[in-house]
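Quick note: the coordinates plus some simple rules give every number you see, no bench work behind them. Note that the structure is a prediction, hence the values are computed from the model and not measured. Cβ sites come from the backbone with ideal geometry, for glycine too, and all protein chains shown count toward neighbours.
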Amino acid sequence: MTVPDAAATVNAISFMGANLVAQQLDWNMTKGWNQGDTAANEWYRPLETFEERFDAFVASAVDAGFDTVDVWHPQLSYEWATEEHLAAAQRVLQRHGVTVASYGSYYGDTPEQFRAANEVAKALGTRILGGQTALLKSDRAAVVSILQEYGNVLGLENHPQRSAAELLEEIGDDGADVIGATVDTGWFGTQGFDAAQAIRELGDRVFYVHLKDVRAAGAHDTCAYGDGIVPIEDCVRALREIGYTGPISVEHEPEHYDPFPEVVRSRARLVELLASTQPSLAS
């Protein structure tokens, strides 16, 4: 029997920046996701206050027990980030000893926008782009070429896709080394599809994971792990089965309240699950 490498089974746990989608709206987002996206862009964009505000985001994640974060694009958008913004973000991350697991975004419709997003990811020290881009359909060759140039990977995040098969069809086979899936377990729950089954079906095409619970199928009302319908424990087991050793993002984006207490609770539950599913070193 092959003895597993214990170090290889340790997954970093990351704080998703998009958890704060309603923060600039006093935790009361009444007009949908774009309202929070716009408010966050307006909050982070001014250079004169950027470092202080980006620092507050990173510090809040550290206070919640995380040493890894996912930077959500309004917090450092490729559409407005300057060299000064990027340098300030690097100072903040270094100051707190925090690493970036992924850069989460909609990466635009043109090669120029996609390249700019890769530049931001490079500055943040991550090679994972976990999100979506229309360029994958309009100019797939450009996506593959730019990813290869930067040494990055695109994990296509499922939202409208109703099954792993639909996601695999969009991922395609060309550029398999740089194009895969960012599994959003909550969105599979919203679509009424078993997220653990999706992980198993996607297998080695899983490049990143947004581990999220939702209260019921048919809507996207996120919640703490165990309060919803997503089989979180089985998702973690499925990740073990496919040999996934990358980071796992704790994602919870309520529209009408501060998510931090529930994010902390979810992180603790994930730590327990990762420990309980650790492969045995016994031969």
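Mind listing the phi-derived Karplus ³J(HN,Hα) values for the range 178-193, rounded to whole Hz, using 6.51, -1.76 and 1.60 with θ = phi - 60°, and x for any glycine or proline?
10, 10, x, 10, 9, 7, 9, 5, x, 5, 5, x, 4, 7, x, 10
Placing unit charges on C-beta atoms (Lys and Arg positive, Asp and Glu negative, everything else neutral), compute the dipole magnitude of the range 122-239 about its Cα centre in debye, rounded to 20.
With only Lys, Arg, Asp and Glu charged at Cβ, the dipole is about 220 debye.
What does DSSP give for the chain in terms of the percent of beta bridges that are antiparallel, rounded to the nearest 5?
5
Among Ile146, Ile232, what is the fewest-to-most ranking by other Cβ atoms within 10 Å?
Arranged by neighbour count, lowest to highest, Ile146, Ile232 become Ile146, Ile232.
With unit charges on the beta carbons (Lys and Arg positive, Asp and Glu negative) and the dipole taken about the Cα centre of the range 16-276, which residue among Val236, Ala216, Thr99 sits farthest to the positive side?
The Cα lying farthest towards the positive end belongs to Val236.
When a footprinting reagent is the concern and you count Cβ atoms within 10 Å, what order do Ser60, Ser266, Ser14, Ser276 take, fewest first?
Fewest-to-most ranking of Ser60, Ser266, Ser14, Ser276: Ser276, Ser60, Ser266, Ser14.
Quickly rank 109-116, 17-24 as a protection proxy: mean count of other C-beta atoms within 10 Å, highest first.
Going by the mean number of other Cβ atoms within 10 Å, highest first, we get 17-24, 109-116.
Under a point-charge model restricted to the Cβ atoms of Lys and Arg (+1) and Asp and Glu (-1), what is the dipole moment magnitude of the chain relative to its Cα centre, in debye to the nearest 20?
My answer is approximately 420 debye.
Report the one residue of Ala87, Pro111, Pro46 whose Cα lies farthest in the direction of the positive end of the charge dipole of the range 42-112 (charges on C-beta: Lys and Arg +1, Asp and Glu -1; origin at the Cα centre).
In the range 42-112, that residue is Ala87.
Within straight cross-link reach of Lys31, meaning Cα distance under 30 Å, which lysines are found once same-chain residues fewer than 8 apart are removed?
Lys137, Lys212
Could you work out [θ]222 nm for the chain from helices alone, using -39500 (n - 2.57) per DSSP H run of at least four and dividing by all its residues? Round to the nearest 500 deg cm²/dmol.
Result for the chain: -13000 deg cm²/dmol, rounded to the nearest 500.
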